[in-house]
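Trainee: Supplied in structure tokens, the structure appears directly below.
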Amino acid sequence: MRVNKLTIAALAVVAGLSLTACQNDDAAATGRNDSPATSSSSSSKGGSGSGGSAQGTAEDAVGEGSDQEQNATGTCRTDELEVTAQDNTIGGDETNSVAVTFTNGGGRDCTLAGFAGVDLKTNAGTVSAKRTGEPAPATVLKDGKSVSFFISYPANDTGGSGVRITGLVVTPPNETKSVTLDWPGAASLPVTDGSGTPVQVGPIGSAGQGG
């Protein structure tokens with residue numbers, strides 16, 4: 001009987017150890033199954049990080065666009081500009097004036113700097129305008145936008161026919177190609193003593209900037 005009791009007790013101890021070992025194995029297995037879930041959560045955070053990187057790339061693209069815009073701003077060419085002229089004389093002014101407008105139709109932004117060349121065609125020959133002493137900063141002319149400058153000249157109050165103006169020739173700054181326009185101002189200039197031109201031209205932007 002004693003032997004049987006010892007055998008039963010020994011079997012009970014072995015059974016208890018086996019049950020504990022199985023529980024430990026189940027717990028270990030459960031821990032291993034939790035690991036992928038934790039990793040997946042980390043991957044989700046990584047996805048948000050990727051979104052941040054995409055945002056950074058968009059910001060870089062914006063920066064590159066700004067650089068491209070600056071690099072595309074070269075000198076405005078005559079063929080890119082629509083050139084128009086209109087009478088700009090206001091009653092009471094000491095001199096008459098004409099406003100010449102450059103409109104950028106070149107499909108890109110471009111730069112106008114300084115003074116345009118201005119020549120009046122007359123029945124007595126060509127009269128070239130003299131530049132005023134005003135500052136002449138560079139102007140970036142956006143595609144589709146306009147900028148104007150003025151031409152001033154004395155009114156013919158002599159009572160005579162004076163010098164009849166037959167046309168206007170405009171050359172954009174830093175260009176050699178000219179545009180010939182109808183003269184929109186007064187019909188004639190007073191006759192001068194030949195000491196200098198009575199016509200003056202202002203810098204780009206001196207007559208205000210259009211749309």
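Trainee: Does the range 88-103 hold any residues that are at pLDDT below 95 and among the hydrophobic types (A, V, I, L, M, F, W, C), and which are they?
Mentor: I90
Trainee: Oh, and also: Go through (1) under 25 Å from E94 (Cβ atoms); (2) touching a residue at least 24 places away in the same chain (Cβ under 8 Å) one by one and return the number of the condition G133 breaks.
Mentor: (2)
Trainee: Let me ask something else. Being open to solvent by less than 80 Å² (accessible area, probe 1.4 Å) and part of a strand (DSSP E or B) is the filter here; which residues of the range 73-86 pass it?
Mentor: G74, T75, L81, V83, T84, A85
Trainee: I'd like to check something: does the range 98-115 contain any residue that is open to solvent by 40 Å² or more (accessible area, probe 1.4 Å) and closer than 14 Å to Y153 by Cα?
Mentor: No, that holds for no residue.
Trainee: Sticking with this one: Scan the range 119-137 and tell me whether some residue there is outside any loop (DSSP other than H, G, I, E, B), open to solvent by 30 Å² or more (accessible area, probe 1.4 Å) and in contact with a helix residue (DSSP H, G or I) (Cβ under 9 Å, 6 or more places away or on another chain).
Mentor: So far as the range 119-137 goes, no, none of its residues is outside any loop (DSSP other than H, G, I, E, B), open to solvent by 30 Å² or more (accessible area, probe 1.4 Å) and in contact with a helix residue (DSSP H, G or I) (Cβ under 9 Å, 6 or more places away or on another chain).
Trainee: Would the range 169-187 turn up any residue that is touching a residue at least 40 places away in the same chain (Cβ under 8 Å), within 20 Å of I90 (Cα to Cα) and not in a loop (DSSP other than H, G, I, E, B)?
Mentor: No, there is no match, as no residue in the range 169-187 is touching a residue at least 40 places away in the same chain (Cβ under 8 Å), within 20 Å of I90 (Cα to Cα) and not in a loop (DSSP other than H, G, I, E, B).
Trainee: Here's something else I'd like to know. Inspect the range 20-32 for any residue being at pLDDT below 50, surrounded by 11 or more Cβ atoms within 10 Å (Cβ to Cβ) and farther than 30 Å from G167 by Cα and give the result as yes or no. Reasoning before the result, please.
Mentor: Within the range 20-32, the subset at pLDDT below 50 is 20-32.
Narrowing further to those that are surrounded by 11 or more Cβ atoms within 10 Å (Cβ to Cβ): none.
Among the residues of the range 20-32, not one is at pLDDT below 50, surrounded by 11 or more Cβ atoms within 10 Å (Cβ to Cβ) and farther than 30 Å from G167 by Cα, which makes the answer no.
Trainee: Also, quick follow-up: So which of P172, P184 ends up being surrounded by 19 or more Cβ atoms within 10 Å (Cβ to Cβ) and closer than 16 Å to T84 by Cα?
Mentor: Of the residues listed, the single one that is surrounded by 19 or more Cβ atoms within 10 Å (Cβ to Cβ) and closer than 16 Å to T84 by Cα is P172.
Trainee: Do the conditions hold for G106, that is, is it at pLDDT 95 or above, under 29 Å from the mean Cα position of the chain (by Cα) and over 15 Å from G202 (Cα atoms)?
Mentor: yes
Trainee: Inspect all residues belonging to the range 105-118 and state whether any of them is more than 22 Å from T78 (Cβ to Cβ) and in a loop (DSSP other than H, G, I, E, B).
Mentor: No, the range 105-118 contains no residue that is more than 22 Å from T78 (Cβ to Cβ) and in a loop (DSSP other than H, G, I, E, B).
Trainee: Moving to a separate point now. Just to be sure I understand, how many residues within the range 187-198 are of a type in the set (A, V, I, L, M, F, W, C) and open to solvent by 40 Å² or more (accessible area, probe 1.4 Å)?
Mentor: Initially, the range 187-198 is screened for residues of a type in the set (A, V, I, L, M, F, W, C), giving 187, 189, 191.
Next cut, open to solvent by 40 Å² or more (accessible area, probe 1.4 Å) only: 187, 191.
Number of matching residues: 2.
Trainee: While we're here: Please work out which residue is surrounded by the fewest Cβ atoms within 10 Å (Cβ to Cβ), limiting yourself to the range 144-165 and to residues that are small (G, A, S) and assigned to a loop (DSSP other than H, G, I, E, B).
Mentor: Top of the filtered list is G159.
Trainee: In the range 88-104, how many residues are part of a loop (DSSP other than H, G, I, E, B) and β-branched (V, I, T)?
Mentor: Of the residues in the range 88-104, the ones part of a loop (DSSP other than H, G, I, E, B) are 88-95.
Filter once more, keeping what is β-branched (V, I, T): 89-90, 95.
Of the residues in that region, 3 qualify.
The values are calculated or read from the model by the stated rules, or taken from the named source; none is laboratory data. On a predicted model such as this, the values are computed, not experimentally measured, just so you know. With ideal geometry, Cβ positions are generated from the backbone for all residues, glycine too; neighbour counts draw on all protein chains shown. Only protein heavy atoms, including side chains, enter the accessible area calculation; ligands, DNA and RNA are left aside. Shrake-Rupley method; radii C 1.70, N 1.55, O 1.52, S 1.80 Å.
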